[in-house]
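> Sending over a structure as structure tokens; questions will come in a sec.
Please treat every number below as a calculation from the coordinates, not as lab data. Values in this document were obtained by computation on a predicted structure and should not be read as measured data. Note that we place each Cβ from the backbone using ideal geometry, even for glycine, and neighbour counts take in every protein chain shown.
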């Protein structure tokens, strides 16, 4: 069984979503199904079919979250340190063509949010950064073509 790396914050976020699905969403959809059944013929009842679809989504997401949480490898970023890039690192990069600087934290796939500076450890940029140090140059092939970055700063917070 493959472990899934994630930060404590990411783990807590998934736990919160699972709790909400089980305690709020699941009972709500059961009420919706019950109300829809009272309207009669289920074959042509759009309300019933929508509620069944929603129930199917909720149950699938619950199973997915339970699986991920059971395989989670929670990594406390505050206890990490080092001079090279690894999971949890906050890395400042400079685009070698434009000198534009960007800062990203390398996190688990479920925590990724590029717009908020959280880059999935499975992304091409993160994979290229792993094991690199300050001053290293990294070339990444992206859908928009190749980009080269220089590692300016590595921080673990």
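> Please identify which residues in the range 1-33 have an amide N closer than 12 Å to a label point set 7 Å out from the Cα of residue 130, following the Cα→Cβ vector.
Taking a point 7 Å out along Cα→Cβ of residue 130, the residues of the range 1-33 whose backbone N falls under 12 Å are 5.
> Pick from 46, 126, 94: which is most flexible by mean-square fluctuation in a GNM of the chain where alpha carbon atoms under 10 Å apart are linked?
Maximum fluctuation in the GNM of the chain, among the listed residues, is at 46.
> Next up: Subtracting the Cα-Cα distance from 0.36 nm times the residue separation, let me have the gained length for residue 47 to residue 115 in nm, one decimal. Mind dumping the intermediate values first?
Numbers: separation 68, 0.36 × 68 = 24.48 nm, distance 3.65 nm.
Here the segment from residue 47 to residue 115 would lengthen by 20.8 nm.
> Give me the tail of P(r) for the range 92-157 as a percent: Cα-Cα pairs with distance above 21 Å.
Tail of the P(r) past 21 Å holds 15 percent of the pairs.
> Tell me, what does the Kirkwood hydrodynamic radius of the chain come to in angstroms if you use every pair of distinct C-alpha atoms?
Result for the chain, one decimal place: 18.3 Å.
> Is it possible to state the helix-based mean residue ellipticity at 222 nm for the chain, with each DSSP H run of 4+ residues giving -39500 (n - 2.57), the sum divided by total residues, to the nearest 500 deg cm²/dmol? What is it? The partial results should precede the final answer.
Values: 4 runs with 56 residues, N = 157.
Rounded to the nearest 500, the figure is -11500 deg cm²/dmol.
> Please work out how much length the chain gains when fully extended from residue 2 to residue 92, using 0.36 nm per residue of separation minus the C-alpha to C-alpha distance, in nm with one decimal.
So the chain would gain 29.4 nm between residue 2 and residue 92.
> While we're on this one: Give me the distance in nm between label points sitting 7 Å out from Cα along the Cα-to-Cβ direction at residue 39 and residue 23, one decimal.
With each label point 7 Å from Cα toward Cβ, the separation is 3.0 nm.
> Note the angle between two axes, namely the Cα long axis of helix 26-37 and the longest principal axis of the Cα atoms of the chain, as a number of degrees from 0 to 90, rounded to the nearest 10.
30
> Relative to the longest principal axis of the chain, what angle (0 to 90°, nearest 10) does the C-alpha long axis of helix 8-20 take?
Value to nearest ten degrees: 10.
> Provide, in order from the shortest bin, the percent of all Cα-Cα pairs of the range 4-75 in each 10 Å bin, continuing until the bin that contains the maximum pair distance.
20, 38, 23, 14, 5, 0
> Pick from 11, 48, 104 the residue whose mean-square fluctuation is largest in a GNM of the chain, springs joining Cα atoms under 10 Å.
Comparing 11, 48, 104 in a Gaussian network model of the chain, the most mobile one is 48.
> Quick one: Cα centre-to-centre distance for the range 114-151 and the range 1-76, in angstrom?
Between the Cα centre of the range 114-151 and that of the range 1-76, the gap is 34 Å.
> Further question on the same structure: Taking only C-alpha pairs under 8 Å that are 6+ residues apart, what is the relative contact order of the chain in percent? Could the numbers behind the result be given before it?
Values: 236 pairs, mean separation 37.5, N = 157.
RCO, the chain: 24 percent.
> If you build a Gaussian network model of the chain, linking Cα atoms that sit under 10 Å apart, which residue out of 44, 66, 97 swings the most?
For the chain, modelled as a Gaussian network with Cα springs under 10 Å, the answer is 44.
> Tell me, what is the FRET efficiency for residue 61 and residue 101 to the nearest 0.05, using R0 = 35 angstrom and their Cβ-Cβ distance as r? Walk me through the numbers before you get to the answer.
Values: r = 37 Å, r/R0 = 1.06.
FRET efficiency, residue 61 to residue 101: 0.40.
> Between residue 31 and residue 79, what FRET efficiency follows from the Cβ-Cβ distance if R0 is 35 Å, with the result rounded to 0.05?
Plugging the Cβ-Cβ distance into 1/(1 + (r/R0)^6) gives 0.20.
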